[in-house]
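Here is the structure we will look at.
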Amino acid sequence: MLQYSTWKYVVAAIVIALSAFYSLPNLYPQDPAVQVAANRGAVVDDALVLRVKGELEEAKVAAKSVAIEGERLVVRTSNPDEQTRAADLLRAELGTQYTVALNLASTVPDWLTSAGARPMSMGLDLQGGVHFLLEVDQQAAIEKRSNAFADEISGVLREGKFAYTSVSRTNEGIQVLLKNADDMAAVRAAIGREAPELLLEWDPAQPERLVARVTPTLVKTIMDGAIEQNRTTLDNRINSLGVGEQVIQRQGESRIVVQLPGVQDTAEARKLIGATATLEYRHVIDYGANAQQAAATGVVPANARLYYSRELGPDGKPRPILLSRRVIVSGDQLVNATSNPDPQSGTPAVQIELNSAGGNRMLAHTRENVGQLMAAVYIETIPEVRMVDGKEVRTSRVSEEVINAAQLQGVFGKNFQTTGLDSQQEAADLARLLRAGSLAAPMVIIEERIIGPSLGAENIERGLTAVFWSFGFVLIFFLVYYKMFGIVTNLALLLNLLLVIAVMSMIGATLTLPGLAGIALTVGMSVDANVLINERIREELRNGNTPLASIANGYDKASGTIADANVTALLAGVAMAVFGSGPIRGFGITLIIGILTSMYTAVSVSRGIATLIYGKRKKLAKVSI
């Protein structure tokens, strides 16, 4: 008999209600917006809001609203032209204290977002955005690792109390010169235990000299590790800075592809990708007359490097300071960083937690240097673009300054704090970037492509047009060919489309052009399932069964065939989602969602609708199909 349980109706009603609710945010368009973020020493506050409003009103730039959203000031405009005018005006008026970027701002009401309802994220091809191809500096990665090996070897010699003349980098590798050739065997064994990856070469003709080489296999390992660390660091950093739905993938041996949907400002995108900040802790050699003399003459002791402090001297300029060439610990050894005001002074501070190796190094240094000064060096790499002979040349500028030089009051290891920052915002930014990690090697942008929002809008229009017409033709066909059951099928198809949109919105899937193609394909696959059911019902009627029995048998007997057909397609979708990337993965995810929802709507929901129409008619003589 044609029956449908009450609990199934309840489930269907809940599914329909939730689908409608979570699909609703997609009806709210995004506003073209200008985003203003504070750089070092600046703040985003009510005074800035009033200043920006005044500048916009004076220049007669129409703004829908000017408000602080999170840590940024957002100016919402009604169209891209006003957005561009507002951005150009604010860049000129606010100067370098603030970063002004173009973006798209959500208009979804708070009552929806508070319940977790958000619109589908649009991919680069639909929303517009920025595409970068980055080249990782292989030589810099190898040099950085070689310097680390040299530090490790120096540490081995000191810990083993081996007398040595020098440990230096040469064209051959890392050269170790011992004072006593009789120690060579023990030194080779100790280095082999500490750095087994290195190839150690010793010439009996020079018994006090040892060369440690980086092998080709190790070079490949270093490069693979550098690219993976850079990729992960970029992903973490962009996540922490609030740019969602980015695509960051390795391409070839030494390249990384970065796509940032929704970001329309290449300068801001370069800053997000290339600007890095980290800390190094070094022993202070001199903070007085010797440092002043080194700064004046340019003659720096062999064991020192000249830095400048944020603290100003009597002449109003940053004070010079001599630091040890040897780094105690750096951002590479960091496990966690949080920003909280110093409990004693209330000044901005970053609480640092090191890993085991970094903690041991810090413990060893503080144990031997209580009462001495230790400096925190703030290192920031900032990408720059300048025009040379009419061509755009990309470079980077490294800023290194001592933000704190404090006396070690006691012994500590992996947990401590750093002060000397200009503001709590700078402390928060530094902590965030430290948590994201540092780049294993510098990167250069070798390709840059901007997909404007107008092109994205055109892609959306064409994609939606394709889905609309395919859907429309299907609805008309079913209505004409299957009559009343055509209406049942059409309702199931509409619910299927609603379910696909709702599920993609709920899981945060990114909709791309291939995704739109996947939605169109699922419409076709859902059609197949409904055709199987309707034709099976017709066959049962031709066999002389009663109308109610024909409907029930049609659903029961077609369900197995539908499941078999969809499982094979589902496996293909899973393979594309798991092993594919970019457009292929997006297509696979959409296909999986569409297959699962179409099976539910075609087999279960449409049966429930048919039962509502025909189930209580005991003396049904004819079915409109």
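Remarks
- In segment 36-50, of all residues being of a type outside the set (K, R) and part of a loop (DSSP other than H, G, I, E, B), the one that is farthest from D556 (Cα to Cα) corresponds to G41.
- Screening D151 against (1) surrounded by fewer than 17 Cβ atoms within 10 Å (Cβ to Cβ); (2) over 33 Å from the mean Cα position of the chain (by Cα); (3) in contact (Cβ under 8 Å) with a residue 24 or more places away in the chain leaves a single unmet condition, (2).
- As for segment 82-92, it holds no residue that is out of contact with any helix residue (DSSP H, G or I) (no Cβ under 9 Å at 6 or more places or on another chain), assigned to a loop (DSSP other than H, G, I, E, B) and free of Cβ contacts under 8 Å to residues at least 40 places away in the same chain.
- Qualifying residue in segment 41-61 (condition: hydrophobic (A, V, I, L, M, F, W, C), at pLDDT below 85 and surrounded by 16 or more Cβ atoms within 10 Å (Cβ to Cβ)): yes
- Test set (1) part of a loop (DSSP other than H, G, I, E, B); (2) surrounded by fewer than 19 Cβ atoms within 10 Å (Cβ to Cβ) - V623 fails condition number: (2)
- The residue pairs whose first member lies in segment 509-531 and is over 27 Å from D556 (Cα atoms), whose second member is modelled with pLDDT of 80 or more and not in a helix (DSSP H, G or I), and whose beta carbons are closer than 7 Å, counting only pairs six or more residues apart or on different chains, are A509/M120; L511/M120.
- Conditions (1) assigned to a helix (DSSP H, G or I); (2) of a type outside the set (S, T, N, Q); (3) over 28 Å from E253 (Cβ atoms): number failed by A205: (1)
- Checked against the criterion of being touching a residue at least 24 places away in the same chain (Cβ under 8 Å) and outside any helix (DSSP H, G or I), segment 574-583 has at least one qualifying residue.
- Taken over segment 4-35, the criterion of being in contact (Cβ under 8 Å) with a residue 24 or more places away in the chain and outside any helix (DSSP H, G or I) is satisfied by Y4, Y28, P29, Q30, D31, P32, A33, V34, Q35.
- Residue selected from segment 557-586 under the condition under 24 Å from the mean Cα position of the chain (by Cα) and of a type in the set (V, I, T), by the criterion modelled with the highest pLDDT: V574
- All positions within segment 336-352 that are surrounded by fewer than 15 Cβ atoms within 10 Å (Cβ to Cβ) and part of a strand (DSSP E or B): N336
- Pick from segment 524-550, criterion under 25 Å from F473 (Cα atoms) and of a type in the set (V, I, T), ranking: surrounded by the fewest Cβ atoms within 10 Å (Cβ to Cβ): V531
- With respect to (1) touching a residue at least 24 places away in the same chain (Cβ under 8 Å); (2) more than 19 Å from V411 (Cβ to Cβ); (3) assigned to a loop (DSSP other than H, G, I, E, B), the lone exception for G371 is condition (2).
- Residue match in segment 307-322 (condition: assigned to a strand (DSSP E or B), modelled with pLDDT of 85 or more, among the hydrophobic types (A, V, I, L, M, F, W, C) and more than 19 Å from V398 (Cα to Cα)): no
- Lone unmet requirement of (1) among the charged types (D, E, K, R); (2) within 18 Å of L199 (Cβ to Cβ); (3) assigned to a helix (DSSP H, G or I) for E172: (3)
- Residue list for segment 203-212, filter: over 22 Å from A148 (Cβ atoms) and either outside the structural domain of G173 (by TED's automatic domain parsing) or not aliphatic (A, V, I, L, M) (or both): D203, P204, Q206, P207, E208
- Filtered residues of segment 213-229 (kept if outside any strand (DSSP E or B), closer than 18 Å to A148 by Cα and not hydrophobic (A, V, I, L, M, F, W, C)): T215, P216, T217, K220, T221, D224, G225, Q229
- So L102, is it out of contact with any Gly (no Cβ under 9 Å at 6 or more places or on another chain) and assigned to a helix (DSSP H, G or I): no
- Candidates A148, A141, filtered to the one that is within 23 Å of E228 (Cβ to Cβ), touching a helix residue (DSSP H, G or I) at 6+ places or on another chain (Cβ under 6 Å) and in a helix (DSSP H, G or I): A141
- Of the criteria (1) touching a Ser or Thr at 6+ places or on another chain (Cβ under 9 Å); (2) not in a strand (DSSP E or B), which one Q292 fails: (1)
- Some residue of segment 163-180 being surrounded by 14 or more Cβ atoms within 10 Å (Cβ to Cβ), over 47 Å from the mean Cα position of the chain (by Cα) and either of a type in the set (A, V, I, L, M) or not assigned by TED's automatic domain parsing to the domain that holds I328 (or both): yes
The values are calculated or read from the model by the stated rules, or taken from the named source; none is laboratory data. These numbers come from a predicted model, not from an experiment. No Cβ is skipped: glycine too gets one built from the backbone with ideal geometry, and neighbour counts run over all protein chains shown.
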